[in-house]
Amino acid sequence: MYYLLLAFCYSFSILPFPVLYFISDILYVLVFHVFGYRKKVVLTNLRQAFPDKSPEEITRLAKKYYRNLTDMMVETIKLLTMSKQELQDRFQCDLTVLHQLHAQGKSCQLHLGHNFNWEWANLFCMQGVQFPFLVVYMPLSSRPADRMFRHFREKFGTHLIPANDMSNGMKPWMNKQYLIALVADQNPGNPRRCYWFPFLNKMTAFYKGPEMAAKRNNIPVVFADIRKIKRGYYKAELKLAFEEPQQEPDGKITQAFVEYLEKNIHEQPEVWVWSHRRWKHKYEEQHK
């Protein structure tokens, strides 16, 4: 099954971008208008985040989101045959802050949200830094699909660390200098072991893990924001948020990231993933 899937994706990936985006347009019609993939979840989340927007504005925003979602699908598959130069032509990011930390002999934690196109961002960053580049990911339940996504992400040398086995996955790197990327807006499984902060007009649970790891090892924390310039072109910005995490009070690093992410979502909401159930937990549950 894996090799059939790989062969299909490779044959799809060799198509030029104009053809891929034509296919994305067809997928958009199917995903939004025909099948309505998680449409109720998306609309509910958008109404929660933007209560001042009219129903017509919410619908327009949802349509923009689904167009970006289907673009993300074809762009991710394109990574199979995309050259390093092609990626660098389509993705921009000043990596100076990472070069400086490396020169100082420090490791680094990179915190980002589910902004399109994070798959391109991961590979662009890996190509441009001197650190070994680690990415924490959640393994997929489908073994062929999981193996496929590992193939995409490891293409240029990224080291994947499974989120459900981080303690073992990090052992080879504990005494080495590294850069680790954490998608820090995941919905946590246990709401009682999280920080809670206002986020998009609702109290929201965030994992303590990224902050705890930074403070335990005193690893500088860099925030990343990804913007879509136009179709097929992206730009990321990096911000050195905390150089000495151990000096910060509990919760401050997470709260700063939440505020940073929310500001960026308001500035370009159509590139953040709205189709996941971000608010599965109620704030009151932490007191039960």
Is it fair to say Ala181 is more than 30 Å from Arg47 (Cβ to Cβ) and of a type in the set (A, V, I, L, M)? yes
Filtered residues of region 264-288 (kept if surrounded by fewer than 17 Cβ atoms within 10 Å (Cβ to Cβ) and under 16 Å from the mean Cα position of the chain (by Cα)): Gln268, His276, Arg277
Can Ala121 be described as of a type in the set (A, V, I, L, M, F, W, C), surrounded by fewer than 15 Cβ atoms within 10 Å (Cβ to Cβ) and assigned to a helix (DSSP H, G or I)? no
Only one of (1) buried (at least 17 other Cβ atoms within 10 Å of the Cβ); (2) within 19 Å of the chain's Cα centre (by Cα) is not met by Pro139, so which one is it? (1)
Selection within region 194-240 - surrounded by fewer than 20 Cβ atoms within 10 Å (Cβ to Cβ), hydrophobic (A, V, I, L, M, F, W, C) and more than 18 Å from Ile265 (Cα to Cα): Cys194, Trp196, Met212, Ala213, Leu240
Identify all residues within region 46-76 that are farther than 24 Å from Leu27 by Cβ and touching a residue at least 60 places away in the same chain (Cβ under 8 Å); write none if there are none. Gln48, Ala49, Phe50, Pro51
Ala103 fails exactly one of (1) farther than 28 Å from Leu5 by Cα; (2) of a type in the set (A, V, I, L, M); (3) in contact with a helix residue (DSSP H, G or I) (Cβ under 9 Å, 6 or more places away or on another chain), namely (3)
Out of the residues in region 74-91 that are modelled with pLDDT of 95 or more and within 16 Å of the chain's Cα centre (by Cα), which is nearest to Phe12 (Cα to Cα)? Glu75
Determine which single condition Asn264 fails, assuming it passes every other condition in (1) part of a helix (DSSP H, G or I); (2) touching a His at 6+ places or on another chain (Cβ under 7 Å); (3) not aliphatic (A, V, I, L, M). (2)
If you check Asp165 against the conditions, is it modelled with pLDDT of 90 or more, out of contact with any Cys (no Cβ under 7 Å at 6 or more places or on another chain), loosely packed, with under 14 Cβ neighbours inside 10 Å and acidic (Asp, Glu)? no
Does Pro188 fit the bill of being assigned to a loop (DSSP other than H, G, I, E, B) and in contact with a Cys (Cβ under 9 Å, 6 or more places away or on another chain)? yes
Check region 240-255 and report whether any residue there is within 23 Å of Met72 (Cβ to Cβ) and either assigned to a strand (DSSP E or B) or touching a residue at least 12 places away in the same chain (Cβ under 8 Å) (or both). no
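State whether one or more residues within region 176-193 are surrounded by 15 or more Cβ atoms within 10 Å (Cβ to Cβ), within 25 Å of Ser83 (Cβ to Cβ) and modelled with pLDDT of 90 or more.
Among the residues of region 176-193, at least one is surrounded by 15 or more Cβ atoms within 10 Å (Cβ to Cβ), within 25 Å of Ser83 (Cβ to Cβ) and modelled with pLDDT of 90 or more, which makes the answer yes.
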Applying the selection to region 207-229, what residues are part of a strand (DSSP E or B) and either of a type in the set (A, V, I, L, M, F, W, C) or under 26 Å from Lys171 (Cβ atoms) (or both)? Tyr207, Val221, Val222, Phe223, Ala224, Ile226, Ile229
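The values are calculated or read from the model by the stated rules, or taken from the named source; none is laboratory data. Predicted model, so just to flag it, every value in this text is computed and none were measured. Neighbour counts run over all protein chains shown; Cβ positions are idealised from the backbone, glycine included.
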